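Asker: Let me begin by handing over the structure; questions about it come next.
The values are calculated or read from the model by the stated rules, or taken from the named source; none is laboratory data. Source: prediction; values computed, not measured. Positions of Cβ are backbone-derived with ideal geometry, glycine not excepted, and every protein chain shown enters the neighbour counts.
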Amino acid sequence: MAINSTIELEKIVAKPMWKTVLVELVDSEKLDPWNIDIAEISEKYLKKVREFKLLELHLPANIILAASILLRMKSDSLKLVDDVPVMQEAGDSGELALSIPTLEIAGRVMPQRKVTLSELMSALEEVMKDVDARMVPAVVIPSEPVKFEMPAFDIDERMESIFAKISASPEMLTFNSLLEERTPHEKVQTLLPL
């Protein structure tokens, strides 16, 4: 099992697509590609996906999508077997009335025959295209560059100005006395040269 799964793993890693997995499954299980039972192939495909998960492989989304589509095809192809029609008494006349279920219009009708591998892959591709078409593309809002103008600030000039104030004063100065204005911007521009 380990050698066989290593070979399969190398093939899958080389090209991890749902088609490759499906073709490998048909080949490894010796299934007839001209006569594929949807119920059987979907079960085996799902088993293969579970094996990949147990091996802790990162599965591409299209492999998971193909598995879900195969399961949907399987569920659509299986017929619900009804029991024998229920007979009801019609009342006083003594006749039995047959209960007839209402008919519903089916959407896409899956063929009741087995399908070929190419038909199956074409059907899967068609459904995947429909899924891709339904996906809403992400709206990309073009960002324009932010225009930001820096005010002219010469730190050397500001250092000389502050040094001149400190040198000219005979007594000790507080930081607030060095400020020309009491704005946060002015406080930063006074603190930086110190």
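Asker: Out of the residues in region 1-30 meeting the condition of being outside any helix (DSSP H, G or I) and modelled with pLDDT of 80 or more, tell me which one is surrounded by the fewest Cβ atoms within 10 Å (Cβ to Cβ). Outline the logic, then answer.
Answerer: Just the residues of region 1-30 that are outside any helix (DSSP H, G or I), to begin with: 1, 15-17, 29-30.
Next, from what is left, pick out any that are modelled with pLDDT of 80 or more: 29-30.
Values: GLU29: 11, LYS30: 6.
So the residue we want is LYS30.
Asker: Check every one of the helices (runs of 4 or more DSSP H) wholly within region 132-194 and list those with 1 or more residues that are of a type in the set (D, E, K, R).
Answerer: Values: elements: 155-168, 175-178, 184-191.
Of the helices (runs of 4 or more DSSP H) lying wholly inside region 132-194, those with at least 1 residues that are of a type in the set (D, E, K, R) span 155-168, 184-191.
Asker: State yes or no: is MET110 at pLDDT below 75, farther than 24 Å from PRO33 by Cβ and within 33 Å of the chain's Cα centre (by Cα)? Reasoning before the result, please.
Answerer: On the way: at pLDDT below 75: yes; farther than 24 Å from PRO33 by Cβ: no; within 33 Å of the chain's Cα centre (by Cα): yes.
Judged against the criteria, MET110 is not a match.
Asker: Right, something else. Let me spell it out: the conditions are (1) at pLDDT below 85; (2) touching a helix residue (DSSP H, G or I) at 6+ places or on another chain (Cβ under 6 Å); (3) part of a helix (DSSP H, G or I); (4) not acidic (Asp, Glu), and ALA123 meets all of them except one. Which number is the exception?
Answerer: (2)
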